[in-house]
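The values are calculated or read from the model by the stated rules, or taken from the named source; none is laboratory data. For clarity, every value in this text was computed on a predicted model and none was experimentally measured. Cβ: placed from backbone, ideal geometry, glycine included. Neighbour counts: every protein chain shown.
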Amino acid sequence: MAQTEAAASRLSRARAFVKRHPVGVTIVGTLTVATAIAYGLWDKRDAFASALTDASWWILGLAILLQVIWLIARSEAWHVCVGAAGGSVNRRRLYRASSVGYLGNLFNSHIGMGVRIAALRRSAPKESPNVSTLITAEMPIIVIEIALAAICSFTLVGPLGLPWWLPLVFVGAGAAIVGAITRLSRGHREGFWKGLAVMRGLGMRNRIIALVVFATGAQVVRNWLVLEGLGVDVTVLDSVALLIGTAVLGLLPVGPTLGVATAIFILGTNGVAVVAAAGALLTATGAVGAVCFASWALLDWMRRSQRSPVPI
């Protein structure tokens, strides 16, 4: 009993440390994983460098475009959730705040969410819900993404050697989470629970599901396109498995090394060097897509600020 309590106490202290120092932890995690990847690829560095140049420019351009499409769809889903939670912020202003947050996602998804919420509150303090409600408003999107990952988790059976019945457990857990969030949204309507309001009505819930499915599809196509462009013989299911792996490993503070680490972990049997190169290109095109989205936001803000002396 004493050992269990001591372990729980150490885990609690570790969590508190990570929350207090997210940037530092991410930097350490990124450097650690980058060192491990560099060590593992050192003997294959020539093949890795060659694979990086094998993808044609049109494939890289499409990968960037698909990343921008994902960012827009994800931002629209957030706009629907914020509106259902009582916010009246217009779409352009919310998209601009969203673009800043997705730059933060390059380092850590938790940092990205914090930056996105802070940017929205700063640009539209009266039209947006309070911080706690905005945090809760992220939950419907995340829950639907978890449910989709659970439904598609059978794609991990082959690459990871999982037992066939484990995806059934994931699907059951995903359904339970969606059901619990839906019940909470109907039974709790005040305070930060307002962030779950989008789950109450069938129309809004279906709209969120459609947006998340569309955004997920764009990411799956992006994965497949880059992998095929480098000559990796993969199926759409392999691309789905890579996306799920990225979402799971993305919970760890591994920063920009996430793409390479996930590609090796999920698809390493297809050739470590080439899939590592695919992971690097997916990360690079994702970063360029985020910069493009943020550049539009900056230009839009500058153009509209010249027209109006008041904050927009």
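What helices (runs of 4 or more DSSP H), lying completely within the range 211-312, carry at least 3 residues that are surrounded by fewer than 22 Cβ atoms within 10 Å (Cβ to Cβ) and not aromatic (Phe, Trp, Tyr)? Output list reads 236-249, 272-307. Pairs linking a residue in the range 9-38 that is closer than 23 Å to LEU106 by Cβ and assigned to a helix (DSSP H, G or I) to a residue that is of a type in the set (Ser, Thr, Tyr) and modelled with pLDDT of 75 or more, with Cβ atoms under 8 Å and 6 or more positions apart or on different chains, are THR30/THR257; VAL33/THR257; ALA34/THR257; ILE37/THR257. Evaluate the range 181-203: report whether one residue or more is of a type in the set (A, V, I, L, M), assigned to a helix (DSSP H, G or I), under 19 Å from the mean Cα position of the chain (by Cα) and within 21 Å of ALA247 (Cβ to Cβ). No - not one qualifying residue is present in the range 181-203. Answer yes if at least one residue in the range 186-205 is within 21 Å of VAL288 (Cα to Cα) and touching a helix residue (DSSP H, G or I) at 6+ places or on another chain (Cβ under 7 Å), and no otherwise. No: zero hits. Annotation: VAL131 fulfils all but one of (1) surrounded by 20 or more Cβ atoms within 10 Å (Cβ to Cβ); (2) at pLDDT 90 or above; (3) among the hydrophobic types (A, V, I, L, M, F, W, C); the unmet one is (1). What do you reckon, is ILE177 part of a helix (DSSP H, G or I) and either among the basic types (Lys, Arg) or under 17 Å from the mean Cα position of the chain (by Cα) (or both)? So ILE177 does not fit the description; no. When the range 73-99 is limited to residues that are surrounded by fewer than 17 Cβ atoms within 10 Å (Cβ to Cβ) and in contact (Cβ under 8 Å) with a residue 60 or more places away in the chain, the one that is nearest to ALA294 (Cα to Cα) turns out to be ARG92.
Taken together, the criteria exclude LEU62 from residues that are surrounded by 23 or more Cβ atoms within 10 Å (Cβ to Cβ), over 18 Å from ALA247 (Cα atoms) and of a type in the set (A, V, I, L, M). Return yes when ASP46 is in a loop (DSSP other than H, G, I, E, B) and not hydrophobic (A, V, I, L, M, F, W, C) and no when it is not. Here the answer is no, as ASP46 does not meet what is asked. Listed here are the helices (runs of 4 or more DSSP H) enclosed by the range 69-156 that have at least 3 residues being farther than 22 Å from LEU249 by Cα: 91-104, 109-123, 131-137.
Restricting PHE192, PHE170 to residues that are of a type outside the set (A, V, I, L, M) and under 20 Å from ALA147 (Cα atoms) narrows the list to PHE170.
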